[in-house]
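Only one structure is covered here, and it is reproduced in the block below.
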Amino acid sequence: MKPILKMVIIVAITGLVTSACKPEATETPPPTASYQARTASFDVVENDVRMRLSEDEEYSPAATGQTLPVGGQARTGDESSAQLDLMPDGAILRLGPGTEFTLTELAEGDDDFFARLQMEAGKLWIILTGGELEVETASGTASVRGSLLGIYFFPDIPLLTATC
C-alpha cells in the first residue's frame, strides 16, 4: 500500500473514532424564572372591613387571605382595622378605623418594590423592608423608602400628618 493512501486511511479512521467519542451537544434550557408576582392580601381583618375589586363594583366584606388588586379599594369602619401584606417583598400596611384608599400601583418585575395608594381618609401605617411606597391625598403626597411611615389624613378638617 502506498504511504499516501495509508495516511489518508489513518486520518479518516481517526476522524471517525474522534467524532464518535465526543459527547452529544445538548441544548441549554432557558433559565427558570424565580419571579413571583407582587400581591396585596388581607392578613388581618377586624370588625367592619370592606373591599371592592374596582370602582365599578359594590363593597363587600373583606376576608383574611383575600387579594386586593391594582385599582381595588379597601375601607374600614369605626372601631375596625386591617392589615394588608404586600408580597413577596414583605411590606405591611396597617389600616386604622375610618380608613379608605385605592391601590393605584403595585410594580411588577424583579426590580425594587414600588407601590402607590390614593388615600381618601383615615390612618395608615406602613412598614417596608426595602423599596418605596407613595401615599397620595388631596392635601399632598407622602413617600417612604425602606422604613416606616404613619399617615393621618382627615379631609374634612383638612389635616394631613406624616410621621416617620
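The values are calculated or read from the model by the stated rules, or taken from the named source; none is laboratory data. Bear in mind the structure is a predicted one, so any value in this text is a computation, not a measurement. Neighbour counts are summed over all protein chains in view; Cβ atoms, including those assigned to glycine, are modelled from backbone coordinates with ideal geometry. Heavy atoms of the whole protein, side chains included, go into the accessibility calculation; ligands, DNA and RNA do not. Shrake-Rupley method; radii C 1.70, N 1.55, O 1.52, S 1.80 Å.
Screening segment 105-164 for strands (runs of 3 or more DSSP E) wholly inside it with 1 or more residues that are among the polar types (S, T, N, Q) returns the ranges 114-127, 132-137, 140-145, 159-163. Tallying residues that are open to solvent by 20 Å² or more (accessible area, probe 1.4 Å) and either farther than 11 Å from SER41 by Cα or touching a His at 6+ places or on another chain (Cβ under 6 Å) (or both) within segment 91-118 yields 15. Close contacts from segment 40-64, counting a first residue that is touching a residue at least 24 places away in the same chain (Cβ under 8 Å) and a second that is of a type in the set (Asp, Glu) and open to solvent by 70 Å² or more (accessible area, probe 1.4 Å), with Cβ to Cβ under 7 Å and a gap of 6+ residues or different chains, come to ASN47/GLU79.
Mind listing just one residue for me: the one in segment 85-104 that is of a type in the set (Asp, Glu) and more than 22 Å from PRO155 (Cα to Cα) and, of those, modelled with the lowest pLDDT? Here the residue is ASP89.
Residue count for segment 35-69, restricted to those that are part of a strand (DSSP E or B), closer than 15 Å to LEU95 by Cβ and over 20 Å from the mean Cα position of the chain (by Cα): 5.
Of all the residues in segment 119-163, those that are touching a residue at least 40 places away in the same chain (Cβ under 8 Å), open to solvent by less than 40 Å² (accessible area, probe 1.4 Å), of a type outside the set (A, V, I, L, M) and in contact with a strand residue (DSSP E or B) (Cβ under 8 Å, 6 or more places away or on another chain) number 2. If you check GLU55 against the conditions, is it acidic (Asp, Glu), open to solvent by 50 Å² or more (accessible area, probe 1.4 Å) and at pLDDT below 95? For GLU55, the condition - acidic (Asp, Glu), open to solvent by 50 Å² or more (accessible area, probe 1.4 Å) and at pLDDT below 95 - is met.
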